[in-house]
Amino acid sequence: MKIAVLPGDGIGPEVIAEGVRVLRAVGEHWGHRFELREGLIGGCALDARGTPLPGETVQLCRATDAVLLGAVGGPRWDDPNAKQRPEQGLLGLRKELGVYANLRPVSVHPSLVAASPLRPERLE
């Protein structure tokens with residue numbers, strides 16, 4: 001499996017490094033083979049390439065089976081008047097890949113099920 005690894009900014013590189021360690025451990029234990037290729041996105045891409053989503057990052061992501069994406073942005077790039085912002089890289093990547101949201105697992109504390117907007121049958 002080919003995976004694009006986009007560490008991003010702030011805590012992103014630290015978190016993604018641990019995610020890569022997990023992937024390598026899974027690969028070793030279960031005999032999976034992961035080809036990990038790194039790209040730039042966000043503030044670090046702005047600094048290095050002048051854009052929050054370089055063309056080579058888009059090409060990389062299109063050529064892989066999955067994208068492991070870290071956080072983007074941070075105080076260094078927090079100028080609301082800036083022509084380009086790190087978050088534009090994330091939004092651009094979503095557009096280029098035809099995805100619209102981050103999916104995250106959810107668990108609701110049993111005492112709050114009645115107050116949750118999630119359907120109870122989906123929480124089982």
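The values are calculated or read from the model by the stated rules, or taken from the named source; none is laboratory data. Quick caveat, the model's predicted, so the values are computed rather than measured. We place every Cβ from the backbone using ideal geometry, glycine too, and count neighbours over all the protein chains shown. Note: areas computed on protein heavy atoms with side chains; ligands, DNA, RNA excluded. Shrake-Rupley method; radii C 1.70, N 1.55, O 1.52, S 1.80 Å.
Some values worked out for this structure:
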item	result
Region 69-83, residues that are open to solvent by 50 Å² or more (accessible area, probe 1.4 Å) and either within 16 Å of P7 (Cα to Cα) or under 14 Å from the mean Cα position of the chain (by Cα) (or both)	L69
Pairs where the first residue, in region 35-49, is at positive phi and the second is buried (at least 24 other Cβ atoms within 10 Å of the Cβ) and assigned to a strand (DSSP E or B), C-beta under 9 Å, 6+ apart	G42/L6
Residue count for region 87-99, restricted to those that are open to solvent by less than 80 Å² (accessible area, probe 1.4 Å) and either touching a residue at least 12 places away in the same chain (Cβ under 8 Å) or among the β-branched types (V, I, T) (or both)	7
For L53: the one exception among (1) open to solvent by 90 Å² or more (accessible area, probe 1.4 Å); (2) in contact with a helix residue (DSSP H, G or I) (Cβ under 8 Å, 6 or more places away or on another chain)	(1)
In region 16-31, residue farthest from the chain's Cα centre (by Cα) [restricted to those that are surrounded by 15 or more Cβ atoms within 10 Å (Cβ to Cβ) and of a type in the set (A, V, I, L, M, F, W, C)]	L23
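Residues checked against (1) surrounded by fewer than 14 Cβ atoms within 10 Å (Cβ to Cβ); (2) more than 18 Å from the chain's Cα centre (by Cα); (3) polar (S, T, N, Q):
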| position | (1), (2), (3) |
| --- | --- |
| R33 | yes, yes, no |
| A48 | yes, yes, no |
| Q59 | yes, no, yes |
| D65 | yes, no, no |
| R85 | no, no, no |
| A101 | yes, no, no |
| A115 | yes, yes, no |
